[in-house]
1. For chain B, with only Lys/Arg (+1) and Asp/Glu (-1) charged at the beta-carbon, what is the dipole magnitude about the Cα centre, in debye rounded to 20?
2. Checking buried surface per residue: for the stretch A:380-400, which residues lose a minimum of 30 Å² accessible area in the protein assembly relative to the chain alone (1.4 Å probe)?
3. Per-residue HN-Hα couplings for the stretch A:195-206, Karplus 6.51 cos²θ - 1.76 cosθ + 1.60 at θ = phi - 60°, whole Hz, x for Gly and Pro?
4. Which single residue of chain A puts its beta carbon nearest to the axis of rotation relating A to B, and what distance, in whole Å, does that give?
5. By DSSP, what percent of the beta bridges with both residues in the protein assembly as shown are antiparallel, rounded to the nearest 5?
6. Quick one: of the DSSP bridges fully inside the stretch A:48-284, what percent are antiparallel, nearest 5?
7. Please compute one quarter of the surface area of the Cα convex hull for the stretch A:173-291 and express it in square nanometres.
8. Compute the Cα gyration tensor for the stretch B:48-283, then decide on rounded, prolate or oblate, letting a ≥ b ≥ c be the square roots of its eigenvalues: rounded whenever a/c is under 1.5, prolate when a/b is larger than b/c in the other cases, and oblate in all that remain.
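The values are calculated or read from the model by the stated rules, or taken from the named source; none is laboratory data. Keep in mind that what you see is a predicted model, and the values were worked out from it rather than measured. Every residue, glycine among them, receives a Cβ derived from its backbone with ideal geometry; neighbour counts consider all protein chains shown. Note: accessible area is taken over every heavy atom of the protein model, side chains too, but ligands, DNA and RNA are not part of it. Shrake-Rupley method; radii C 1.70, N 1.55, O 1.52, S 1.80 Å.
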Number of protein chains: 2
Amino acid sequence: MKKSTLYAAAPIPAAPEQLPTGPLKDFPKLAAFFEARQPETPCLAVDTDIVEAQYKALVAAVPDALCFYAIKANPARPILDRMVKLGANYDCASLNEILMVLEAGASPANVLFGNTIKKAGEIAEAHRHGVMKYACDSLVELEKIAKNAPGAKVFCRIIVSNSGAAWPLSKKFGCTEDMAREILRKAPGLGLVPYGISFHVGSQQMDVTQWRDPILRAAGLMRELAQEGIRLKALNLGGGFPARYRQPIPAVEAYGQAIVGALNEAFGEHFWPEVMLEPGRYICGDAGVIQAEVVLISPDAEDPNKRWVYLDAGKFSGLIEPESIEYRIVTEKDGDPMGPVVIAGPTCDSVDVLYENAGYELPLTLAVGDKVYLLSTGAYTTTYSAIAFNGFPPLKDYYV
Amino acid sequence: MKKSTLYAAAPIPAAPEQLPTGPLKDFPKLAAFFEARQPETPCLAVDTDIVEAQYKALVAAVPDALCFYAIKANPARPILDRMVKLGANYDCASLNEILMVLEAGASPANVLFGNTIKKAGEIAEAHRHGVMKYACDSLVELEKIAKNAPGAKVFCRIIVSNSGAAWPLSKKFGCTEDMAREILRKAPGLGLVPYGISFHVGSQQMDVTQWRDPILRAAGLMRELAQEGIRLKALNLGGGFPARYRQPIPAVEAYGQAIVGALNEAFGEHFWPEVMLEPGRYICGDAGVIQAEVVLISPDAEDPNKRWVYLDAGKFSGLIEPESIEYRIVTEKDGDPMGPVVIAGPTCDSVDVLYENAGYELPLTLAVGDKVYLLSTGAYTTTYSAIAFNGFPPLKDYYV
């Protein structure tokens, strides 16, 4: 399958009585919400039906895989409620995240404490709540888990290439296979269950073939350990599934085919381990739209053809990812002639520039007070918000 | 004066009965606070006596200047209280910041709405509270001010070189001198008072000579406009005064001498305009210390001599500046043999690495659970904190 022919379509919720027109025509529920509610800007609105559709699409694309929603992408209660309804599992980065999913009604059996960097007290408290799955990538962390969560199932995270990812994760996480072998061998002696291997190919991974090599390497390691009597149950393929930004992305089915193919190659068609996925961005990114307002438009000091468009949303209201991600940006005036712009946020900080050299154009008729919509901003925005930089409040969010 | 011979000493508050030893021996009040209170980490503690000493040192170094505290650096109420007691003025970036200083007892006459990017409603509300000084760098903003703050005094911000700054601010802010001339000429016809010129040489500016050129240029512009009958009252020299990070910095007196010299050169020794300063980082940076805890130490996957030291404080708990700023980092074990480290935060985000290639070393005896102190972290930390990334709460702060 040629990668360039594969483009994901945003799942569309059930059509409302009147199909909307305008910049949010693909998001009828959100268009209706902004129209009816006229919320103060900047704000994020998320269509939880799209969240559900994304979840179902991924589960369908990788049959038999368990989907652990990486709640750090967006831990809002309405999203957790929807996940609980769908019977999801949860990848949690902290004790607080674990408490959030339990509060939403999730079972601790469905929770993975996926951060490889945990305080002893957090581990002990998670264990007290019945959480039994923990990730690690070092002997120090393994010992911490042994001491604070006796009997836990441990995953060892190996370091893999993140080529093709918009947001590569190495070298902060993951250890070498030699170290993984040592960790998993030590686990039983410490009263732990060596349970699985995990890896992460990097966030917003555009290359569907990137899972193959780590799957093969993990399978090799699992076979080696099995010969010593250490039979790992699970293989955690991490996240990395993309949201729809400016660049076309492969369809989720293409990811599924590539992953299933690699699993068959690594394990044969009959005896796979328990396969886990940790989608975050993919689940809720495309479901959200940020509505911002134009605060100021002024000419560039050097290039009179270029306008600086200052929005009331910027790097400190949750949009810190524009360094590696180009959001689709639409306005009510998109039919009008366009011209080049720098897009910046409202704070007195020079780093609060979203796009300076990314080739964005906006309508020449755009004026102060106009609304601007940043699409696919449902993930990694609300929780990134600065609490009060320049006195501005964090990004408000709504779930419809 | 040779720049390399000028190093700032942190102002020391009155000695306590017993001088402390250990890593915080230069911060006796903070050492005593951490010892007595044993606060949950990570947290910031700020010595407000140091805040006061910094304020007084700057005022002494640039006599006759009005000091507008840039409250975005740290808007905590105890700092604002101290500033009000000292009779400071305030540079505010948003309506919320204005409301904070007024609530602390400041007079609106002492407030500058210094952000060049303001919503119409924010301007109107500030004006309703009696704020009369507004910055702008575009005709669109001038017209917005005219409509929403009739009679206001306007400053036009010109764009200047930020060479020598750790955190350069151009090109987001400031306009050309031609544009400034046009803006200030138009102000009277719109019912505004063309009041002053402002500029900013960039945050953490290490080169004391950087104020000279913009002062001379601003003086030229003021003379030109005076010939047309537009007599500007004020010259706002912005901020840029540094805090003490790893690199030595010139003493505040050196900044004062360079600025006074440039003002004399530009205006003669007798008739200066009203000179304004906007220090933020300088006022409260050195007064604060972040106490963090070591969560994990593990060997680098490629270089066994290098340890990854994961703290419970990181880029999402307010430390986003390490891209351009190297904090001094001390521990209780600093006498022990040292070894190279990467210093990273606790979140599941690969960007949450504070220092990877900056040559930091920490004691080889450092262990999980040990405390680590980041010095001069009183500015641009608390408000930068992510509200809840990975479920971690924002940085807690204390004022002693």
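1. Value, rounded to 20: 1280 debye.
2. Buried-area filter returns A:THR383, A:TYR384, A:ILE387, A:PHE389, A:ASN390, A:GLY391, A:PHE392.
3. Once θ is set to phi - 60°, the couplings for the stretch A:195-206 become 9, x, 10, 10, 7, 9, 7, x, 6, 6, 7, 8 Hz.
4. A:ILE387, 2
5. Taking every DSSP beta bridge with both residues in the protein assembly as shown, the antiparallel ones total about 40 percent.
6. On the way: 2 of 28 bridges.
So the antiparallel bridges amount to about 5 percent of the total.
7. Over every viewing direction, the Cα hull of the stretch A:173-291 projects on average to 8.9 nm².
8. oblate
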